[in-house]
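Report on the following structure.
The values are calculated or read from the model by the stated rules, or taken from the named source; none is laboratory data. Note that the structure is predicted; figures quoted are calculated from it, not measured. Glycine gets a Cβ as well: all are built from the backbone with ideal geometry, and neighbour counts include every protein chain shown. Remember, those area values only see protein heavy atoms, side chains included, never the ligands or the DNA or RNA. Shrake-Rupley method; radii C 1.70, N 1.55, O 1.52, S 1.80 Å.
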Amino acid sequence: MLPELAPLFAPELLQNETPHHEAHQKIFTSLRTQPCNNVHAVREQERCLFVRETEECRESTHYIDYMHFMYCVVDSSNVALFYAAIIALLLFVCTLAKLIYHLAVSRYVDSVLYVSKTWRLNEYMAGVTLLTYGNGLPQVLSELKHHKSGDTELIYNQYLGTAVYQVSFLAALVIWMGPFAIYPEVIVPNIVSLLIVSLLVEEIMYDEQVGLLQTIILGLLYVAFLAALYTIALGMDREGNRSRSQLEVRDAAGKPVDILVTETVANVEGGQGSTWFERIWMGVRTFRGEDFRAARWYGKLQLLCGIPVEIVTLLLLPKVNYALPLHGWSKCLFVVNLTVFPLFVICTALVDMLSSGHLGWVCLGSVVTTSILSVIVCATTSDDRKPSCFTCIGLFAIFGSSYLIMLLSYELIAILETLSVIANISSASFAITILSWGSCWIDLVTLKALAERGYSRLGFAGCLGSPVFNILIGLCTVFCVQMIRSGSTTIHVRDGTSGPTCSVYLFTISLTLLLSVLFSRFQARKSLAFCLTTLYVTFITYVVFCELEITHGFGTDHNDDGEYFQDRVPHH
């Protein structure tokens, strides 16, 4: 080669300055460690292979693999077809959200109110316990199911982003729907707990090493939190202040209900003269004829479309509602629920773990067990009087509804994650915005329904109690599972690009909320709602600026250290 031509063939001039994945075997051997967002750096004809080989693209898959559908079934090079598939996914999201709304309003909220009233829980204790567990368990269990990698960034950012959303936006929503008085004996310790939790978890995550001791501390802190609230509630009861926060039973329209009138069969339509079949029909029917005739055309269409959903719900879950005759008790329907729901849980929870043969034996054992229980129920209960253990049926309705909502949330979150990959949104920003909104859809629905009925304090307590449960119990559970999988009592964790930011905002919002209720003499007014809404809008604006790289988020992952992007051609 001539000396004067040598500079033209220098190795650094032959490098491709545009980062992309080259199509040869060396690249695909390490695709499993790639983030799913790298699908945009792959040539169109190779995206299907990338999705199939990358573990992160399958991490959120539940029943349907939406990433495989979008990049393998749908031709991503066909722009019109690809956008049509995106619209179809958005419509499916709306359908799932409507189903969750129906379950929350028709089963979940009424069951929570019934059990709370039966156990004589005040609004704050009911919000911190029953409402929190019903809303939080789907999110915690969802993270356990889909958390297959050792990276905790997405989970940590989601928990803290969800906490910011609940304490600011959802709490503001409850106050916007009607001001109310705040009783400090429970709310102040709850806010103080949020302040402690926001600082403690970031301190634990900052060293990127979590041991068994830190995990135990998280669990014990939540136990201490509940013990403190219960002790305070007992102290207030002894002072004679229990009645001021007791639940007053109201129907869906917010009107008071006389529970003594609705618990007898004489008040069923048709009275004592109604036949057994007529009572079954009144329990099965999804709407009354006069309601259908009085509805407009779109209302009639909605009622007709809701028939299949309500029938499936009737087969799986009992109705527990003070406003219904006999408070919703129907012996025949409960026997059906007792038989069908365990089979449904087995088929949905164990289908990926057991072979068809073992699954059949488990189902057979379930049928035998529930048959025995059904005989006992038929022998010890009557059609015209609710059983003494009806509160247990209420708990069954609460956590059964929560389980159904969890399954629907799995699909909802999986679609949202697919759409975030398509939109090329970073995992940290997605976790604290869209993923938090999707996970908290049940919170939004239940809090809105409770506030409309006049249970604003119960909803407000849920806004403050859920973050404590999600962060402490959620992270404690994830750390324990990660330790079991790794076989070590010390695991590597990451708080991600937005973890410290969310922690700071959660502390700021909690402190602002505490000072606001102190200066307003514990009155939740619309000025407080405006303040909380403004804080959340400021938080979202900051997240958007970080996503657009207008500003740089405060976190540990400031630069690409090569941990994930191993297969990109290096820059020179």
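Among the listed residues Gly306, Gly365, which satisfies the condition of being more than 29 Å from the chain's Cα centre (by Cα) and either surrounded by 15 or more Cβ atoms within 10 Å (Cβ to Cβ) or assigned by the TED database to the domain that holds Ser409 (or both)? I'd like the intermediate steps shown before the answer.
Numbers: Gly306 fails: more than 29 Å from the chain's Cα centre (by Cα).
Of the residues listed, the single one that is more than 29 Å from the chain's Cα centre (by Cα) and either surrounded by 15 or more Cβ atoms within 10 Å (Cβ to Cβ) or assigned by the TED database to the domain that holds Ser409 (or both) is Gly365.
Name the residues in segment 320-356 that are hydroxyl-bearing (Ser, Thr, Tyr) and either in contact with a Ser or Thr (Cβ under 9 Å, 6 or more places away or on another chain) or more than 21 Å from Ser371 (Cα to Cα) (or both), would you?
Hits for segment 320-356 are Tyr322, Thr339, Ser355, Ser356.
When you scan segment 151-165, do you find a residue that is open to solvent by 10 Å² or more (accessible area, probe 1.4 Å) and modelled with pLDDT of 80 or more, even just one?
Yes; the residues of segment 151-165 include at least one that is open to solvent by 10 Å² or more (accessible area, probe 1.4 Å) and modelled with pLDDT of 80 or more.
For Thr446, state whether it is open to solvent by less than 10 Å² (accessible area, probe 1.4 Å) and either of a type in the set (Val, Ile, Thr) or not assigned by the TED database to the domain that holds His327 (or both).
Taking the combined requirement at face value, the residue satisfies it.
Return yes when Asp383 is under 30 Å from Asn157 (Cα atoms), among the acidic types (Asp, Glu) and either open to solvent by 40 Å² or more (accessible area, probe 1.4 Å) or not in a helix (DSSP H, G or I) (or both) and no when it is not.
So Asp383 does not fit the description; no.
Residues in segment 396-415: is at least one more than 27 Å from Met67 (Cα to Cα), surrounded by 13 or more Cβ atoms within 10 Å (Cβ to Cβ), touching a His at 6+ places or on another chain (Cβ under 8 Å) and modelled with pLDDT under 90?
Looking through segment 396-415, none of the residues is more than 27 Å from Met67 (Cα to Cα), surrounded by 13 or more Cβ atoms within 10 Å (Cβ to Cβ), touching a His at 6+ places or on another chain (Cβ under 8 Å) and modelled with pLDDT under 90.
Which of the following residues is in contact (Cβ under 8 Å) with a residue 40 or more places away in the chain, open to solvent by 20 Å² or more (accessible area, probe 1.4 Å) and among the hydroxyl-bearing types (Ser, Thr, Tyr): Thr313, Thr348?
Every option except Thr348 fails the conditions.
Table: residues versus (1) modelled with pLDDT under 70; (2) within 30 Å of Cys347 (Cβ to Cβ); (3) assigned by the TED database to the domain that holds Leu91.
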position: Phe28; (1), (2), (3): yes, no, no
position: Pro35; (1), (2), (3): no, no, no
position: Ala41; (1), (2), (3): no, no, no
position: Gln45; (1), (2), (3): no, no, no
position: Glu55; (1), (2), (3): no, yes, no
position: Tyr66; (1), (2), (3): no, yes, no
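With the condition kept exactly as written, say whether any residue in segment 291-301 is assigned to a helix (DSSP H, G or I), in contact (Cβ under 8 Å) with a residue 12 or more places away in the chain and under 23 Å from Leu103 (Cα atoms).
Scanning segment 291-301, I find at least one residue that is assigned to a helix (DSSP H, G or I), in contact (Cβ under 8 Å) with a residue 12 or more places away in the chain and under 23 Å from Leu103 (Cα atoms), so the answer is yes.
List the pairs whose first member sits in segment 69-93 and is free of Cβ contacts under 8 Å to residues at least 12 places away in the same chain, whose second member is open to solvent by less than 40 Å² (accessible area, probe 1.4 Å), and whose Cβ atoms are under 7 Å apart, counting only residues at least 6 apart or on separate chains?
That search, which allows pairs on different chains as well, returns Val74/Phe82; Val74/Ala85; Leu81/Val74.
Residue by residue, here is whether (1) over 24 Å from the mean Cα position of the chain (by Cα); (2) modelled with pLDDT under 90; (3) surrounded by fewer than 17 Cβ atoms within 10 Å (Cβ to Cβ) holds:
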residue	(1), (2), (3)
Gly459	no, yes, no
Ser466	no, yes, no
Leu475	no, yes, no
Gly487	yes, yes, yes
Leu515	yes, no, yes
Phe530	yes, no, yes
Thr551	yes, yes, yes
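Looking at (1) under 28 Å from the mean Cα position of the chain (by Cα); (2) outside the structural domain of Leu137 (by the TED database); (3) among the small types (Gly, Ala, Ser), which is the only condition Ser388 fails?
(1)
Only one of Asn37, Asn122 is more than 20 Å from Ser436 (Cβ to Cβ), among the polar types (S, T, N, Q) and open to solvent by 10 Å² or more (accessible area, probe 1.4 Å). Can you tell me which?
Working: Asn37 fails: more than 20 Å from Ser436 (Cβ to Cβ).
After applying the criteria, what remains is Asn122.
Please work out which residue is modelled with the lowest pLDDT, limiting yourself to segment 492-513 and to residues that are more than 30 Å from Ser527 (Cα to Cα) and open to solvent by 10 Å² or more (accessible area, probe 1.4 Å).
Narrowing segment 492-513 to residues more than 30 Å from Ser527 (Cα to Cα): 492-497.
Checking which are open to solvent by 10 Å² or more (accessible area, probe 1.4 Å) leaves us with 492, 494, 497.
Values: His492: 78, Arg494: 72, Thr497: 66.
By that ranking, first place goes to Thr497.
Per-residue answers, yes or no, for (1) over 28 Å from the mean Cα position of the chain (by Cα); (2) surrounded by fewer than 15 Cβ atoms within 10 Å (Cβ to Cβ); (3) at pLDDT below 70; (4) outside the structural domain of Leu472 (by the TED database):
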position	(1), (2), (3), (4)
Leu218	no, no, no, no
Leu221	no, no, no, no
Leu226	no, no, no, no
Thr231	yes, yes, no, no
Leu234	yes, yes, no, no
Arg244	yes, yes, yes, yes
Glu248	no, yes, no, yes
Val265	yes, no, yes, yes
Val268	yes, no, yes, yes
